[in-house]
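One structure below.
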Amino acid sequence: MNSPDPFNPIVLLLLLCGFIIVSALEPGSVDGICKSLVEPHNYACEEHLVITNDGFILSMQRIPSGGRTSSANGPPVLLQHGLLMDAATWLLLPPESSLAFVLADKGFDVWLANTRGTKFSQGHTSLGPDDPGFWDWSWDELVAFDLPATLQYVHNRTGQNMHYVGHSLGTLIALAAFSKHQLLDMLISAALISPIAHLGDVTSPIARNAADNFLGEVLFWLGVKEFDPRGKAAVQLLVEVCAKPGVDCINLLTSFTGQNCCLNPSVSQNFLIHEPQPTATKNMIHLSQMIRSGTIAMYDYVDVIENIKHYGQSTPPTYNMTSIPNDFPLFLSYGGADALSDVNDVQLLLDNFKDHDGDKLVVQFREDYAHADFVMGENAKQVVYDPLIAFFMLQ
């Protein structure tokens, strides 16, 4: 029996609705990430729990240095996934091509983060996922709580500073923290792939139209605290967006991420087994505000009184990218076909680094790459990960 095309819009909608059971039993639905995605490839793996200062209990995985081919004892590296994803991001390709495994084989001590709300990070010291307060956060809280907690945990466990790799939203939260001179004392360097900062030039028709929907119907969406991509409200949003003039959802992934050049269908099906993951609706509204405004600011409560209550001023504070220290080592890789990390938006970010020390900034541009190629592209190891690792080894 032939497998269904994972990018056929009807199939994908059915998958998101939960009407098709992938592989009869989804590996991630019972076992943790170590048992489902790491240990089957004969890598050692440890499951860890991290508690944030606001009470969220986050899942982390560790693939100790050495992997299957090396006895080296290299520094730690923390991998941070993007929006609607979890740590499976770094494990979807075959072991010789997945960044987590490649780093372990090179002797790095690999740590995988899972942000609040994702499948294995739905614990809290006093709240459950059914409590509205559990979902009262945006990526501001990932900057303020999740990222510091995960970095501090790795630092405490290893006694070492670490490298950082972020994809998509994982780059935004790091840049926001760096702009406030936070966490840098625990880091050696940072690699930002498919970087997200400015979002005003996002070309993805699905993202732009969904952003308009979130802002236009904000009262409705605020009543739906959890944004579950497999849930009824999210699927209805997708149906509405795909029905709008100028939005072509025949190839749903392309409409969202841009024309990925290098995805293998088997990897794409593996993606659908483990992803997408839930997030907070407030987080989606926050990103929608950034698409509309083009600014990198904290969540806008719209109501002046609420903004004053939270920030002491009528408008939300901005994250100033120019304040990132010029001597902090950065590796940025972006793609010419990326509809979410658009080249014009990335250029605005790079303009902020015009005074960065020349030997501390490496910028890589792949004309043919779109958003998903950076973590699922079958040639990503050769074109992105090998240069990234070479950068780490020079620091």
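The values are calculated or read from the model by the stated rules, or taken from the named source; none is laboratory data. Only a predicted model underlies this, so the values are computations on that prediction, with no experimental measurement involved. For neighbour counting, all protein chains shown are included, and Cβ atoms are generated from backbone atoms with ideal geometry for every residue, glycine included. Quick note on the areas: whole protein, heavy atoms, side chains included, nothing else; ligands and nucleic acids left out. Shrake-Rupley method; radii C 1.70, N 1.55, O 1.52, S 1.80 Å.
Enter the mean projected area of the convex hull around the alpha-carbon atoms of the chain, in nm², rounded to one decimal. Walk me through the intermediate numbers first.
Values: hull surface 73.7 nm².
With every direction weighted equally, the projected area is 18.4 nm².
Any idea what the relative contact order of the chain is, in percent, if you count C-alpha pairs under 8 Å spaced at least 6 apart?
Details: 785 pairs, mean separation 77.1, N = 395.
RCO, the chain: 20 percent.
Mind ordering 369-375, 322-328 by average Cβ neighbours within 10 Å, highest first?
On the way: 369-375: 27.9, 322-328: 14.4.
The peptides rank, most packed first, as 369-375, 322-328.
Could you tell me what fraction of 2.2 N^0.38 Å the Cα radius of gyration of segment 249-395 comes to, as a two-decimal ratio?
Details: Rg = 18.3 Å, N = 147, 2.2 N^0.38 = 14.7 Å.
That works out to 1.25 for segment 249-395.
Please work out the C-alpha center-to-center distance from segment 315-363 to segment 177-236 and express it in whole Å.
Computed from Cα coordinates, the inter-centre distance equals 18 Å.
Using a 1.4 Å probe on the protein chains only, how many percent of the accessible area of the chain belongs to carbon and sulfur?
Working: 8610 of 15790 Å².
About 55 percent, which is the carbon plus sulfur part of the accessible surface.
Can you give me the accessible area per residue for the chain, using a 1.4 Å probe, in Å²? All intermediate terms of the calculation are to be shown ahead of the outcome.
Details: 15790 Å² over 395 residues.
Per-residue accessible area for the chain comes out at 40 Å².
By average Cβ neighbour count within 10 Å, what is the ranking of 290-302, 40-52 from highest down?
Working: 290-302: 17.9, 40-52: 15.9.
Result, highest mean Cβ count within 10 Å first: 290-302, 40-52.
What does the helix-only formula give at 222 nm for the chain: each DSSP H stretch with n ≥ 4 adding -39500 (n - 2.57), the total divided by the residues, and the result rounded to the nearest 500 deg cm²/dmol? Write out the running numbers ahead of the final one.
Numbers: 15 runs with 130 residues, N = 395.
The per-residue figure over the chain is -9000 deg cm²/dmol.
If the reach is capped at under 17 angstrom between alpha carbons, list the aspartates and glutamates near residue 360, excluding any in the same chain fewer than eight residues apart.
By straight Cα distance, residue 360 reaches 185, 327, 351.
As an exercise, identify the GluC sites (Glu not before Pro) in segment 139-238 lying in DSSP coil whose Cβ has no more than 16 other Cβ atoms within 10 Å. The partial results should precede the final answer.
Values: sites: 141, 217, 226; in loops: 217.
Sites meeting the loop and neighbour criteria: 217.
How big is the accessible area of residue 139 in square angstrom, nearest 10, if you roll a 1.4 angstrom probe over the protein chains?
Its accessible surface works out to 0 Å², give or take rounding.
Using a cut-off of 20 Å between alpha-carbon atoms, which aspartates and glutamates can reach residue 309, once sequence neighbours fewer than 8 places away in the same chain are excluded?
Hits, sequence-local ones excluded: 54, 136, 140, 141, 300.
Looking at this model, which pairs from 35/381; 35/119; 106/381 are more than 18 angstrom apart at the alpha-carbon?
Those over the limit are 35/381.
Hull surface divided by four, with the convex hull built on the Cα atoms of segment 97-155: how many nm²?
Working: hull surface 21.0 nm².
So the mean shadow area of the Cα hull is 5.3 nm².
What order do you get for 199-209, 305-315 when each peptide is scored by the mean count of other beta carbon atoms within 10 Å, highest first?
Details: 199-209: 19.8, 305-315: 12.5.
Listed from highest to lowest mean packing, they are 199-209, 305-315.
Under 1.5 on a/c is rounded, so check that first for segment 71-208, then, if it is not, pick prolate when a/b is larger than b/c and oblate when it is not; a ≥ b ≥ c are the square roots of the alpha carbon gyration tensor eigenvalues.
rounded
Based on the Cβ-Cβ distance from residue 244 to residue 49, what FRET efficiency comes out when R0 is 45 Å, to the nearest 0.05?
After rounding, the FRET efficiency stands at 0.60.
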